[in-house]
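Have a look at the structure below, then the notes.
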Amino acid sequence: MVDVQHISPRAGDVVLMVGTTKGAFLFRAAATRGRWERGGPHFPGHAVHAMAYDGRAGRRRVWAAPESSHWGSLMRSSDDFGRSWSDGGEATVRFPEDTEKSLQRIWAIAGRDDDPQRMYCGVEPAALFESRDAGTTWSLVRGLFDHPHRPRWEPGGGGLCLHTVLPHPTDPMRIHVAISSAGVYRTEDGGATWRTANRGVRAEFLPDKHPEFGQCVHKVVRHRERPSVMFLQNHWGLYRSDDEGESWSDVAHDVPSDFGFAMAIHPHDPETVYIVPLESDEFRCTPEGRLRVYRTRDGARSWEPLTRGLPQKDAFETVLRDALCTDRQPRAGVYFGTRSGKVFGSTDGGNRWRQLAEGLPPVLCVRAAVVGSGRKARR
Amino acid sequence: MRVTFVLPGPLHPLAGGREEVTVDAPAARVADALAALWTVHPALRDRVMTEEGRLRPHVNVFVGRDSVRYTGGLDTPLRDGAEVAILPAISGG
C-alpha cells in the first residue's frame, strides 16, 4: 500500500499541484514560499496530465485528471486538498454514443473567471467539453466537434489533443482553444461556431508552410487584463498576436531555439512571458545541457536567459507543455517541473531559482494557486 | 441464468467492496451478463468498457480460463453458473 501524505493549507498559503506519470503531488508553502511541504502521491500509478485549482465562489477545490492505462481517464476533485476525492466510478466526461469516439486523455481543465459555475476541459481525441455546474456534469461542445476540418486534423507526437483552453476573461461568448496538430480555433458565439486563428503561424512539417489549419501549436497564453494580446509557443516558432489571434508575428529573437512546449505569462505584467526552449524536435532537451528559462519583459521584443539557481552543466532536461506556471502572489512565483522528476521555483519573477523537489516521477503538469479563505463555499 | 464475475482489486470499491458479484443474466452471451453487472454496479461499466462499447484495450475478460478475445468477444456464449473474470492486462510502465 502506498503511504500517502497530506497537506493542510491555510488561507494565504500557496499550493503547487504537480501531475506526474505516476500520480499527483500537492505542495504547500506559506505566502513567503520559503519552505515547502509535500503531499501525495495521489492516484498512485495513474498518469495525471491535467490539474487545476478552483478558488471561485469561495471554493478550495483541486481538480485532477488521473489516467489509468487499464481503467481509463476520469475527472476527480477534492475540497480538502486530497484527503478525499470525488467519486471514481462513472465517467462524467464521456463522448456521446453517436460520436463513435472514446475518451483517451484529459489534457486541460479551465474555469471562467466571469462565471463561477462554468468550466471547460480539453481532451484527446481533440474535443472540448463544457460544464455549467462547476464540474459536476459535462457535455460535448458540438460546434467544435462537428467542425468540417475535424477529419483532417492530424495527431501530434502526444496524440490528437486539445491541450489549451483560453476563455475570454469578460466575454462569455469568446473562447480560444489550441489543438495539436490542428492549430488555434476561436469561437465568438459561445461554442456554436468556430474558425481558425493561425494566420502567420508556420507548419514546418507540411509542404504548405502557412496552411489555414494543421499547425502544431504547443501552448498559447494571454493576460486576463489585456486579452487581445496573445503569445504562442509553436512546434518551431514563437509568436505574438495583437488582435486576439487573427494574425501572428514571429518573435523568436535572442533564444537558442524556437522549439519548445511550455509557456506561461506573468500574473501582473502582460508584457512578461516565460518559455523553456528545447533543442530540435528530435532531441527535445535543453540546449547545451543548460537548464534555462527565457523571459521577455517587453512583450517578446527581446528574451533573456534566467539561470541563477538552475543547473548549467549536464542538464539535458525536458519541460512539457503544461509543466510551467506562475502564481498570483504580489511577488510572482514561477514554477516548472522536468521529465527527470525535478521541480524548480522562483519567488521573484524568475531572477533566482531553487529546486523544490527531486526524485518525482516524470512531471507532466505544474499548476499554482493561492488558497482563499474558503468562505461562501458551495458545491 | 446465473453468472459470477470475479473482479480485480482496483474495481472492488466500485462494487461495494466485493471481489465476486453474481448476476442473473437474461441471455447467454458475455455482453448480456456484463449488462446485468452494470445494472447492479453501474460505476464498473466505464472502467471496463469504452464509450464505443468495446472492452478497454488493456482489460481482459476470461470465461473460465479462456480470454473472450479469442472466443467471440462480447458474443462469447455462457453456460449457467459460468465464472467470468475481469483482469487488467500485463501492461503499463
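Derivation of every value follows stated rules applied to the coordinates shown; laboratory data play no part. Just so it is clear, the structure is predicted and the values come from calculations on it, not from any experiment. Cβ placement follows ideal geometry from the backbone for every residue including glycine, while neighbour counts extend to all protein chains displayed.
What the table below lists for this structure:
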read-out	value
In order through region A:340-348: 3J(HN,Hα) via Karplus (6.51 cos²θ - 1.76 cosθ + 1.60), integer Hz, x for Gly, Pro	8, x, 9, 10, 10, x, 10, 10, 10
Kirkwood Rh and Cα Rg combined as Rg/Rh, chain A	0.93
Charge sum, other residues only, whose C-beta stays under 15 Å from A:PHE205's C-beta, Lys/Arg counted +1 and Asp/Glu -1	-2
Computed E for A:ASP113/A:ASP87 - FRET, C-beta separation, R0 30 angstrom, nearest 0.05	0.65
Counted charge near A:ARG174, where neighbours are those whose Cβ lies closer than 9 Å (Asp, Glu -1; Lys, Arg +1)	-3
Extreme residue, positive dipole direction of region A:210-324, given options A:SER241, A:SER228, A:LEU306 (C-beta unit charges)	A:LEU306
Separation between Cα centres of region A:224-253 and region A:101-129, rounded to whole Å	22
Residue exposure sequence - B:MET1, A:MET119 - by fewest surrounding Cβ within 10 Å	B:MET1, A:MET119
Cβ-defined net charge surrounding A:THR21, 15 Å radius [Lys, Arg +1; Asp, Glu -1]	+3
Alpha carbon convex hull of chain B, volume per residue in cubic angstrom	95
Simple spin-label estimate for A:ARG195 and A:ASP298 in nanometres, 7 Å along Cα-Cβ	3.4
Separation of the B:THR4 and A:GLU188 label points, Cα + 7 Å toward Cβ, nm	6.6
Given charges at Cβ of Lys, Arg, Asp, Glu: the protein assembly as shown dipole, positive-most of A:ALA182, A:LEU320, B:ALA35	A:LEU320
